[in-house]
Amino acid sequence: MAHLHYRHAAMNSGKSTMVLQYRHTYAACGRRGLLMTRLDRAGTGIVSSRIGLTADALEIGAEADLTDLVLLRPGPSVDHVIVDEAQFLSPEQVDQLAALVDDHDIDVFAFGLLSDFRGLQFPGSARLVVLADVVEALQVYPMCWCGQPARMNARVVNGVMVRDGDTVVVGDTEAGVGYVVLCRRHHRAGRPYAPERTPVGAGHVE
């Protein structure tokens, strides 16, 4: 029986590396899979890990029907689907992943962030938490600058942590926009960097 899996963590926790490991492991044992992603920071149609690993993937459009995307694509049928950056899916697309599992016996492994830079759940992640048969937090925690485990994602614009703006802004693609991971205390305090690392002229949001 197929299952819908959702594995989540903060940035810099190795999600995309694990995605590529799943792809390799399942292919090595003879299973036929499809690797999919949405809005990877490295560009369209690619899964990229911060340690330098990459693989071609099928890009998911904002309006794509994932059931049709998987079942109607040319080539041999697949028995599993691996989705990176699943937080960017719409709730309706998550329902379509569930339909692949329930109606077509296709395993789905989704990986993504649980919350956005404001500390709020992405709609896609919230729907995955509700629908997935297996929901797991990856047990590799990145570290905040203070040395504590970091579970919060923060957006930094020109060195200053911000709490408003569009939910989806891909890091490293717009000038002056980046992301850091923080512990809860420093996310609440609006301190994205250790004092000695704060860029010259940049303050912080209290």
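The values are calculated or read from the model by the stated rules, or taken from the named source; none is laboratory data. Quick caveat, the model's predicted, so the values are computed rather than measured. Neighbour counts are summed over all protein chains in view; Cβ atoms, including those assigned to glycine, are modelled from backbone coordinates with ideal geometry. SASA here: full protein model, heavy atoms, side chains in, ligands and nucleic acids out. Shrake-Rupley method; radii C 1.70, N 1.55, O 1.52, S 1.80 Å.
Counted residue by residue at 0.36 nm each, then reduced by the alpha carbon distance between them, the extension gain from Asp102 to Asp56 reaches 13.9 nm. Placing unit charges on the Cβ atoms of the charged side chains and taking the dipole of region 30-108 about its Cα centre, the candidate lying farthest along the positive direction among Ala55, Leu34, Val83 is Ala55.
Mind checking the dipole of region 1-154: about its Cα centre, +1 per Lys or Arg Cβ, -1 per Asp or Glu Cβ, Debye to the nearest 20? Please list the in-between numbers first.
On the way: 12 positive and 18 negative charges, 152 e Å.
Value, rounded to 20: 720 debye.
Per residue, the solvent-accessible area of the chain (1.4 Å probe, heavy atoms of protein chains only, all protein chains present) comes to 50 Å². Apolar share of the accessible surface for the chain: 51 percent from carbon plus sulfur atoms, 1.4 Å probe.
At most 12 other Cβ atoms within 10 Å and a DSSP loop assignment: could you name the trypsin sites (Lys or Arg not before Pro) in region 131-181 that fit?
Details: sites: Arg151, Arg155, Arg163; in loops: Arg151, Arg163.
Within region 131-181, the qualifying trypsin sites (Lys or Arg not before Pro) (loop, at most 12 other Cβ atoms within 10 Å) are Arg163.
If I fit a long axis through the Cα atoms of helix 15-28 and take the longest principal axis of the Cα atoms of the chain, what angle between them do I get, 0 to 90°, rounded to 10? Tilt of helix 15-28: around 20 degrees. Computed over region 1-57, relative contact order equals 31 percent, with contacts defined as Cα pairs under 8 Å that lie 6+ residues apart. Maximal additional length on extending the Arg188-Thr25 stretch stands at 54.8 nm, based on 0.36 nm per residue less the C-alpha distance.
Rounded to the nearest 10 degrees, the angle from helix 91-104 to the longest Cα principal axis of the chain is 30 degrees.
Please give the length that would be gained between Val168 and Leu72 if that part of the chain were fully extended, namely 0.36 nm times their separation in residues minus their C-alpha to C-alpha distance (nm, one decimal).
Full extension from Val168 to Leu72 adds 31.7 nm.
Ile106 sits among other residues whose Cβ lies under 12 Å from its own Cβ, and their net charge, with Lys and Arg +1 and Asp and Glu -1, is -3.
One Cα centroid belongs to region 24-65, the other to region 105-180; the line between them spans 18 Å. When you restrict to C-alpha pairs under 8 Å that are six or more residues apart and normalise by the size of the chain, the relative contact order lands at 24 percent. Measuring nothing but how far apart in sequence close Cα pairs (under 8 Å, 6+ apart) lie, relative to its length, region 41-109 scores a relative contact order of 28 percent.
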